[in-house]
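One structure is given below, encoded as structure tokens.
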Amino acid sequence: MVFGTGQTETGGIPQAEARFRRGLMGLVALGALGQFLIQSQAFGVNPMALVPQVDAATIWEQAGEIAGGTFVDDKPYDTAPLVLWVAGAVRALGGGLVAWGVLQSVLHLITAVLIALTTRSHAARAGAALAGSTGAGLLAGALFLLLDEPAASTSRVLSGTLQLFLASGLLYLLRPRGSGDESRLAGAGALIGLVLGLLCLAYPPMLAGIPFLGAWIYLASGRSARSALVMVGGAALAILPATLHNVKASGELIPISAQAGLTFYHGNNASADGTIAPVGVVNDKGEQALDSLRQARAQLGDSAGWKDASRYWMGQGLDWWAEHPGAGAKLALTKLWYAISGQRYGDVYQPWRERADGVASRLWLAPLPLAWLLPLALVGLFTLLRDRSTRMAVLPLFLLVVVPIAVVVVFFYTPRYRLPVAAAALPLVAVLVARLSAGRGSGQPARGAALAGVALLIGVSSGFVNRRVGFDLDPNASHEVRFLERMAAASGRIDRHGDGARYLEKIFQLDPESAENRGRLLDLLWYLAASTDPTVAEPAVSMEIVERLIAEFGPVPGLLDLRATAKAGMGDFRGALEDEDAALATLGPADPSRSEIEQRRALYAAGRKFELPSLEE
């Protein structure tokens, strides 16, 4: 009997199908509610969602150019182009960031359904009972909706949601369904290739999957070369628009993007620590490609092209490996541990930090770290590969596990490089649970359960261990400063200058000896206290922060003068005069700041505010 065909001997299969559909509908409803709550907060109060950051800012800007009719740039793609095209279509239709978020939420929910369906098929092939395969599918779908990284990705202008949608769609097309698999794969080769090609456009490392899956389809379709070639042709057809763009922009045959060499060097150099490390090329994504080309040409000559530049940077990284093989091996192991256990580091976004800050508190609706499940998924993969009855069917899952982990090990760790592994990890975890429940673990059931338990313990405890030893976060707090600086800048972009000041205050508290930190904070506090621009003026916030500074550093004249201005901004001229008198009492007659304070005191004595015209950016 074939699972999912609707055939029955006792009437059990239709009942199981009905239960599965009801469960799936319930998951989708709960997932939709969760996404609504998360997205409404993200696009209501979270500066990180309202102001795209770093790579996301470049993608949104380039999407606007595409929407305006600029389809070919002056350089080949230096990022996965599919997200540019989809975001460009959203912008061309008049949509903004909220529309983008709604689209991604819909894709997120479809992904959960695809993962559930794929898992159910694999569980049935692995020998789980009907109830077990149904439960495994629903478990995988529920786990996906509970994962923190996918849930947070839906409000960001990055490729993560598209990658997961396409990866889960590919695995769905390649799922085992019974004795008709050979003819089904032969007939669906073009569609499989198109989805794989689109996935490559969203996640270029999946180019490695084209020959792998070509060989797999050849074997799985009864050694049909035609099926494999049709699949490869479909993938090539999907990728072709990016290749044509690159040829027109650069005159070079670049299939998707031209940044692999620089990305490799970013993760393999003397200062590399497992994450992205500076190599002297500008970090701004909009300028990085051209700067990397200029620097490569300085070494190779003006005739060097984009592929030459990529090879140059790749060579720099390989040279470092050749000179420091021991350090390179240690670095690769560090990146592997990042891939398995990373929970907090983020080169663009840190959702856990936004959640702790309060601007993304609803992400507690999706609290599950992917790292908790990865060791368990690896055990599930191992058990299915050992079983002859499941070995062939599980190879597509194997591909979607190996490629993201290999990308991290070869290049560097960022949650964005690892994220697609979730599409395969969740089915593996759920199928493992179903097999163990049915008494079909690795070898003996007890041994399989023990191995799974150890893997789960490693996953759950890894974050605590990492934080205890200072791993997964920069020990010098630079990541914290970077987060606060981005929050401050983004708050200013959406005219929430009071919030920006609070973030600058936190930066100042991390390093109160920094004249730059102190100057930025005090400058903004003056504008909050005295600006004539109603989108800037927040004297109450200014006074709140100044009072904390006075409590910490004492009633120094400059802070008293600033508090006086904030009080005057709120109409408390008597309090303003008291502060100015206290400030003047501590200054000598020749102090250069005395005259300015006296002039402001005169304004407050006359019931007038001190005014600054506008906020200088």
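The values are calculated or read from the model by the stated rules, or taken from the named source; none is laboratory data. From a predicted model like this one, the values you see are computed outputs, not experimental measurements. Ideal geometry is used to build each Cβ from the backbone, glycine not excepted, and the neighbour counts take in all protein chains shown. Quick note on the areas: whole protein, heavy atoms, side chains included, nothing else; ligands and nucleic acids left out. Shrake-Rupley method; radii C 1.70, N 1.55, O 1.52, S 1.80 Å.
Simple rule: put +1 on each Lys or Arg Cβ and -1 on each Asp or Glu Cβ in the chain, find the dipole, and look at 515, 250, 133; the Cα lying farthest toward the positive end is 133. Projecting the Cα atoms of 487, 401, 380 onto the dipole axis of the stretch 373-503, where Lys and Arg carry +1 and Asp and Glu carry -1 at the beta carbon, places 380 farthest toward the positive end. Surface exposure of the stretch 478-606, expressed per residue as accessible area with a 1.4 Å probe, stands at 46 Å².
Keeping all protein chains in place and using 1.4 angstrom, which order do 559, 395, 253, 146 fall into by accessible surface area, from largest down?
Working: 559 20, 395 45, 253 115, 146 75 Å².
Result, largest first: 253, 146, 395, 559.
Show me the trypsin sites (Lys or Arg not before Pro) within the stretch 116-225 that DSSP assigns to loop and that have at most 13 other Cβ atoms within 10 Å of their Cβ. Answer in residue order: 223. Among the listed pairs 248/285; 248/307; 506/567; 506/609, those with a Cα-Cα distance over 26 Å are 506/609. Projecting the Cα atoms of 31, 605, 562 onto the dipole axis of the chain, where Lys and Arg carry +1 and Asp and Glu carry -1 at the beta carbon, places 31 farthest toward the positive end. Computed with a 1.4 Å probe over protein heavy atoms only, the accessible area of residue 85 comes to about 70 Å². Directionally averaged projected area (the chain, Cα convex hull): 33.4 nm². Taken about its Cα centre, the stretch 478-606 carries a charge dipole of about 260 debye when Lys and Arg each add +1 at the Cβ and Asp and Glu each add -1 at the Cβ.
Applied to the stretch 34-44, the Karplus parametrisation 6.51 cos²θ - 1.76 cosθ + 1.60 on θ = phi - 60° returns per-residue 3J(HN,Hα) values of x, 5, 4, 5, 5, 5, 5, 6, 4, 8, x Hz, with x for Gly and Pro.
Which order do 458, 276 take when ranked by solvent-accessible area (1.4 Å probe, heavy atoms of all protein chains), largest first?
Details: 458 75, 276 55 Å².
Output order, biggest surface exposure first: 458, 276.
When only the Cβ of Lys, Arg, Asp and Glu is charged (+1, +1, -1, -1), the dipole of the chain relative to its Cα centre reaches about 3420 debye.
Solvent-accessible area of the chain (1.4 angstrom probe, protein heavy atoms only): carbon and sulfur portion equals 60 percent. What is the percent of Cα-Cα separations in the stretch 378-446 that go past 14 Å? Roughly 60 percent, once rounded to a whole number.
Computed with a 1.4 Å probe on the full set of protein chains, the accessible area for residue 469 sits at about 110 Å².
Each distinct pair of alpha carbons in the stretch 478-606 adds a 1/r term; the inverse of their mean, the Kirkwood radius, is 15.0 Å.
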